[in-house]
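Asker: Please see the structure below; I have some questions.
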Amino acid sequence: MKNGYFKTFSDVKLYVIISSNLIKKPLVEVLYDVIKGGADAIQLREKTMSDSEFLVVAREVKKVAVELKTIFMVNDRIEIAKKVDADGVHIGQSDIDINTARKILGHNKIIGVSTHNIFQARIAQQSGADYIGVGPVFPTTTKDYEPPVGLDYLRQVKKETTIPFVAIGGINFNNIHKVLHAGGKRVAICSAIISTENILSVTRSFKNLLMA
């Protein structure tokens with residue numbers, strides 16, 4: 001889907017997931033560092049916050065995203081995504097279905113779906129997802145995932161699907177080259193960026209690898 005900053009989601013290379021329990025600095029400072037470092041899209045994921053708390057944070061993120069012209073996605077909470085006019089929502093396999101999400105948000109918003117096997121990927125594409133998350137590629141501690149799917153699933157998605165896909169799960173400087181060699185062009189990163197001391201330079205380093 002189109003939005004005000006990118007022609008399509010396919011323009012995204014670096015997708016950074018923001019969770020307040022993993023950051024060591026004020027949220028706004030983290031956002032500025034991540035975006036100025038090269039993040040093309042950010043996703044707000046807060047599993048333990050109440051809706052009222054999440055709404056306050058989402059409005060903060062939206063303000064910075066608009067200022068710095070970056071795609072802003074909300075994880076799961078579609079009503080809040082609509083309320084703050086986020087660019088889209090990212091949903092899991094056990095969340096709201098794509099058709100319902102589309103009815104709530106409208107056709108001009110981005111809808112992404114987490115997938116863990118090729119059957120889920122095919123269904124997401126057939127149902128009209130704008131992109132799919134592929135993972136967890138590697139073991140991760142930031143989310144309650146299924147066991148790692150490894151690089152074979154990533155290769156399978158590249159071969160069998162046509163919509164943009166984002167590799168996610170445990171990606172860091174030690175293994176990102178494996179993702180790139182397997183055909184991944186977009187990565188979603190959380191703790192390997194937002195939990196570091198120098199977020200700006202770390203983000204920039206990841207972006208440079210993706211643009212090489």
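The values are calculated or read from the model by the stated rules, or taken from the named source; none is laboratory data. Worth saying up front: this structure is predicted, and the values here are computed from it rather than measured. Cβ: placed from backbone, ideal geometry, glycine included. Neighbour counts: every protein chain shown.
Asker: Can you name the number of the only condition in (1) surrounded by 15 or more Cβ atoms within 10 Å (Cβ to Cβ); (2) touching a residue at least 24 places away in the same chain (Cβ under 8 Å) that Ala192 fails?
Answerer: Exception for Ala192: condition (2).
Asker: Still on this structure, I have one more. Scan (1) polar (S, T, N, Q); (2) under 27 Å from Leu209 (Cβ atoms); (3) part of a loop (DSSP other than H, G, I, E, B) for the single condition Gln93 breaks and write down its number.
Answerer: (2)
Asker: Kindly establish whether Ser201 is over 14 Å from the mean Cα position of the chain (by Cα) and of a type in the set (Ser, Thr, Tyr). Lay out the reasoning, then the answer.
Answerer: Values: over 14 Å from the mean Cα position of the chain (by Cα): yes; of a type in the set (Ser, Thr, Tyr): yes.
Yes; evaluated as a whole, the condition is true for this residue.
Asker: Which one of the conditions (1) without any contact (Cβ under 8 Å) to a residue 60 or more places away in the chain; (2) surrounded by 15 or more Cβ atoms within 10 Å (Cβ to Cβ) does Phe119 fail to meet, given that it meets all the rest?
Answerer: (2)
Asker: So Glu160 fits all but one of (1) at pLDDT below 95; (2) among the acidic types (Asp, Glu); (3) touching a helix residue (DSSP H, G or I) at 6+ places or on another chain (Cβ under 9 Å); what number is the exception?
Answerer: (1) is the only condition that Glu160 fails.
Asker: Using beta carbons and a limit of 6 Å, which pairs, at least six apart or on different chains, have the first residue in region 156-169 and closer than 12 Å to Gly133 by Cβ and the second one aliphatic (A, V, I, L, M) and in a loop (DSSP other than H, G, I, E, B)?
Answerer: These pairs meet every condition: Ala167/Val137; Gly169/Val137.
Asker: For a quick check of your reading of the model, give me the residue pairs whose first member lies in region 130-148 and is charged (D, E, K, R) and surrounded by fewer than 17 Cβ atoms within 10 Å (Cβ to Cβ), whose second is part of a loop (DSSP other than H, G, I, E, B) and modelled with pLDDT of 85 or more, with beta-carbon atoms closer than 7 Å and at least 6 apart or on different chains.
Answerer: Matching pairs, first to second residue: Glu146/His116.
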